[in-house]
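Q: Provided herewith is a single structure, encoded as structure tokens, for subsequent inquiry.
Derivation of every value follows stated rules applied to the coordinates shown; laboratory data play no part. Since we're looking at a predicted model, the values are computed, not measured. Note that we place each Cβ from the backbone using ideal geometry, even for glycine, and neighbour counts take in every protein chain shown.
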């Protein structure tokens, strides 16, 4: 029985590497911002905030795939934008406490989406960093 000790165990989310999962998450945020702005007939630039967060996630995730030697740096930038997404979504909680929840339904749905997905994304990135550290990747 021979074992291959050179093969590194890669962290996966829904069967994808964290880099490709990040690209999909960034695409989701971009499409969400554009869709909600269109559906809600918003004239405000703030309705595109998810897109503004998703674009750098896509860019730096792609760069982490393209430049393997800089993956650690680029993925730390990616998780920073994921954390910004989560923190931006926390405004939903403020709306809930002030009693203004869903006064602007599209904005609050976007904030709730950013809160939930931003937390999940950041959590998965941290898990992947821990996994990489344990496996010396």
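Q: What translational D, rounded to a whole number of µm²/s, comes out for the stretch 19-137 from Stokes-Einstein when the hydrodynamic radius is the Kirkwood one over Cα pairs, at 4 °C and 1.567 mPa s? Mind showing how you got there, number by number?
A: On the way: Rh = 14.8 Å.
The estimated diffusion coefficient comes to 88 µm²/s.
Q: Now for a separate question. List 48, 120 from most exposed to least, where exposure is judged by having the fewest other Cβ atoms within 10 Å.
A: Ascending Cβ contact count within 10 Å gives the list 120, 48.
Q: Can you work out the FRET efficiency for the pair residue 135 and residue 24, with r the C-beta to C-beta distance and R0 = 22 Å, to the nearest 0.05? If you can, show how the numbers build up before the last one.
A: Values: r = 23 Å, r/R0 = 1.05.
Once the sixth-power term is evaluated, E becomes 0.40.
Q: Name the residue, out of 26, 40, 99, whose mean-square fluctuation peaks in a Gaussian network model built on the chain with Cα pairs under 10 Å.
A: 99
Q: Can you sort 66, 71 so the residue with the fewest Cβ neighbours within 10 Å comes first? Intermediate values should be presented prior to the final figure.
A: Details: 66 11, 71 19.
Starting with the residue having the fewest Cβ neighbours, the order is 66, 71.
Q: Further, regarding this structure: Going by Cα centres, the stretch 90-132 and the stretch 9-80 are how many Å apart?
A: So the two Cα centres are separated by 15 Å.
Q: Can you pull the one-decimal nm distance between simple spin-label points at residue 120 and residue 73, each 7 Å off the Cα toward Cβ?
A: In this crude label model, residue 120 to residue 73 measures out at 3.2 nm.
Q: Compare 15, 82, 54 in a GNM of the chain, Cα atoms joined below 10 Å, and give the one with the largest fluctuation.
A: Sorting by GNM fluctuation, first place goes to 15.
Q: Let me ask something else about it. Once the Cα atoms of helix 18-39 and of the chain are each reduced to a long axis, what angle between those two axes, in degrees from 0 to 90 to the nearest 10, is obtained?
A: For helix 18-39, the angle is close to 10 degrees.
Q: Picking from 98, 117, 46, which is most flexible by a Gaussian network model of the chain using Cα springs under 10 Å?
A: 98
Q: Calculated from DSSP H runs of 4 or more alone, at -39500 (n - 2.57) each and per residue, what is the 222 nm mean residue ellipticity of the chain, nearest 500?
A: On the way: 5 runs with 97 residues, N = 137.
Result for the chain: -24500 deg cm²/dmol, rounded to the nearest 500.
Q: Another one. Most exposed first by the Cβ proxy, i.e. fewest other Cβ within 10 Å, how do 13, 126 rank?
A: On the way: 13 19, 126 13.
Ordered by Cβ neighbours within 10 Å, fewest first: 126, 13.
Q: If contacts are Cα pairs under 8 angstrom and at least 6 residues apart, what is the relative contact order of the chain in percent?
A: Working: 160 pairs, mean separation 33.7, N = 137.
Here the relative contact order equals 25 percent.
Q: A further question on this structure: Once you have the Cα-Cα distance between residue 46 and residue 96, take 0.36 nm times their residue separation minus that, and quote the gain in nm to one decimal.
A: 16.1 nm
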